[in-house]
């Protein structure tokens, strides 16, 4: 094994160890930040579906793509042990049923991806129907895994 390979392998091990030892408060801040950015991107879409702003296919596609990318990052914000610490609305059921939580986060990403494709198609009626599916994906997770 070369010196470079050994050093690189050591760096990977250190990085994995640091990631595994993330403080609960850091994970909570990370996931709350994700949700704030998701909300930032949901608001203009909701305003389009409610007729508060005109439907803009390009803007809708952009915001939907962002939500899809962010939703794929949700699960990593819930490492073991991050159910306590700073202020969190996460229920302990997340860690008791992680596969269901992961599936719900993935469903949001999938539905947001479809929303982007729907927006690109330019049909406002289809866009509104797909936005309702995105909203339902959010609600499914919140109903089960988020405290009020």
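Values in this text are rule-based calculations from the coordinates and carry no lab data. If you're wondering where the values come from, they're calculated on a predicted model, not measured in any experiment. We place every Cβ from the backbone using ideal geometry, glycine too, and count neighbours over all the protein chains shown.
Observations on the structure shown:
- Criterion (out of contact with any helix residue (DSSP H, G or I) (no Cβ under 7 Å at 6 or more places or on another chain) and at negative phi) met by exactly one of 104, 50: 50
- Tally, over segment 53-83, of residues that are in contact with a helix residue (DSSP H, G or I) (Cβ under 6 Å, 6 or more places away or on another chain) and farther than 21 Å from residue 106 by Cα: 4
- Where helices (runs of 4 or more DSSP H) sit wholly within segment 19-114, those with at least 1 residues that are in contact (Cβ under 8 Å) with a residue 60 or more places away in the chain and buried (at least 17 other Cβ atoms within 10 Å of the Cβ) occupy 24-49, 57-71.
- Hey, residue 139 within 16 Å of the chain's Cα centre (by Cα) and part of a helix (DSSP H, G or I) or not: yes
- Residue identified as within 28 Å of residue 21 (Cα to Cα) and more than 10 Å from the chain's Cα centre (by Cα) among 56, 83: 83
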